[in-house]
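Below you will find the structure I want to go over with you.
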């Protein structure tokens, strides 16, 4: 079964699903945002291509990306770690040194977790944050004439993974983009402050953990309007184009794990953003979203199964 089929079953089975669907759940009654992501050996990483230190960094950063994507400040994480008996204490030490490096960088505290045995390494992190202000962030908030914006290059992470699987360790830029993704916490903070200062009450946003094409599709479906995307305006690194001259756009749209922000916002907000950090790639049209493209996106987007 595909991930989307599991999600359909979950939504059909649970009686209350209002908090499901976005990168984070916003718990207004508690004043917090909460998310959880899991990294599984053989699915999200290979032991031979990532160090324990880098795995610790990545486990934190991918969860903080979800907090950033809902427009919140990350505050706490809990870490559940399942390990094979063959791993020694050096792995644990290096892994938590990676954790320490990331939580210091983002100003986050570890608030607990769990340790269990397993046949494979499984890392599950729960991250908790708090909204910067009252601006609503949800995939359904895009409106016609909103500007579609990304915060950086796409395709680099999947390009780096491809190189690692081929036994290569250059160019280091692409390798590092895959091994240690960066959570766009500061850019999220800037965006939310700018929107609030402009009197804008809502933003459609998510991160591109499953690929830029997947994010554009989900945001378009969420708001019910088609997107007019200028694919030539999507920022792409020279390293990706050089390494994959024939199919770099496939990596850009469908590679996944870039963890950049993808959002739709009022034009007056975009005009106040730094154009060297926030890149316009299109506009939201007034045409309705077409369900007949769903199969194409399901087949191409990043898979967790």
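What follows is calculated from the coordinates using simple rules that are stated; it is not laboratory data. What you see is a predicted model; the values in this text were computed from it and never measured. Glycine gets a Cβ as well: all are built from the backbone with ideal geometry, and neighbour counts include every protein chain shown.
Taking the Cβ-Cβ separation of residue 189 and residue 271 as r and a Förster radius of 22 Å, what is the calculated FRET efficiency to the nearest 0.05?
0.75
Any chance you could tell me what percent of the C-alpha pair distances in the range 170-284 go past 16 Å?
64
While we're here: Per the Kirkwood definition applied to all pairs of different Cα atoms, how many angstroms is the hydrodynamic radius of the chain?
Working: mean 1/r = 0.0504 Å⁻¹.
After inverting the pairwise mean of 1/r, the radius is 19.9 Å.
By counting other Cβ atoms within 10 Å of each Cβ, how are 62, 125 ranked from fewest to most?
Placing the least packed residue first, the sequence is 62, 125.
Under 8 Å for C-alpha pairs, at least 6 residues apart: give me the relative contact order for the chain, rounded to a whole percent.
After rounding, I find 24 percent.
Got a sec? How would 216, 164, 240 order by Cβ neighbour count within 10 Å, fewest to most?
Going from least to most buried by this count: 164, 216, 240.
At 222 nm, what value in deg cm²/dmol follows for the chain if DSSP H runs of at least 4 each add -39500 (n - 2.57) and the sum is divided by all its residues, to the nearest 500?
Calculated from helices alone, the mean residue ellipticity at 222 nm is -11000 deg cm²/dmol.
Quickly work out the residue 196-to-residue 30 label distance, labels modelled 7 Å from Cα along the C-beta direction, and quote it in nm with one decimal.
My value for the distance between the label points is 2.2 nm.
Once label points are set 7 Å from the Cα along Cα→Cβ at both residue 286 and residue 14, what is their separation, rounded to one decimal in nm?
It is 3.7 nm.
Further question on the same structure: Which length gain, in nm to one decimal place, applies between residue 104 and residue 90 when the Cα-Cα distance is subtracted from 0.36 nm times their residue separation? Each step should come with its number before you reach the end.
Numbers: separation 14, 0.36 × 14 = 5.04 nm, distance 2.10 nm.
Contour length minus Cα-Cα distance gives 2.9 nm.
Would you please classify the overall shape of the range 194-261 from the alpha carbon gyration tensor, given that a ≥ b ≥ c denote the square roots of the eigenvalues, rounded means a/c under 1.5, and beyond that prolate means a/b larger than b/c while oblate covers the rest?
Since a/c reaches 1.5 and a/b is larger than b/c, the shape of the range 194-261 is classed as prolate.
Still on this structure, please answer the following. Remind me, relative contact order of the range 191-276 in percent, using alpha carbon pairs under 8 angstrom and six or more residues apart?
Over the range 191-276, the number comes to 52 percent.
Still on this model: Neighbouring Cβ atoms within 10 Å as the yardstick, rank 175, 99, 9 fewest first.
The most exposed by this proxy come first: 9, 175, 99.
What shape does the range 3-131 have by the C-alpha gyration tensor, where a ≥ b ≥ c are the square roots of the eigenvalues, rounded means a/c under 1.5, and otherwise prolate means a/b greater than b/c and oblate the rest? Intermediate values should be presented prior to the final figure.
Working: a/c = 2.25, a/b = 1.37, b/c = 1.64.
Here the range 3-131 falls in the oblate category.
Given R₀ = 35 Å, what would the calculated FRET efficiency be for residue 230 paired with residue 173, taking r from the Cβ atoms and rounding to 0.05?
My answer for the efficiency is 0.90.
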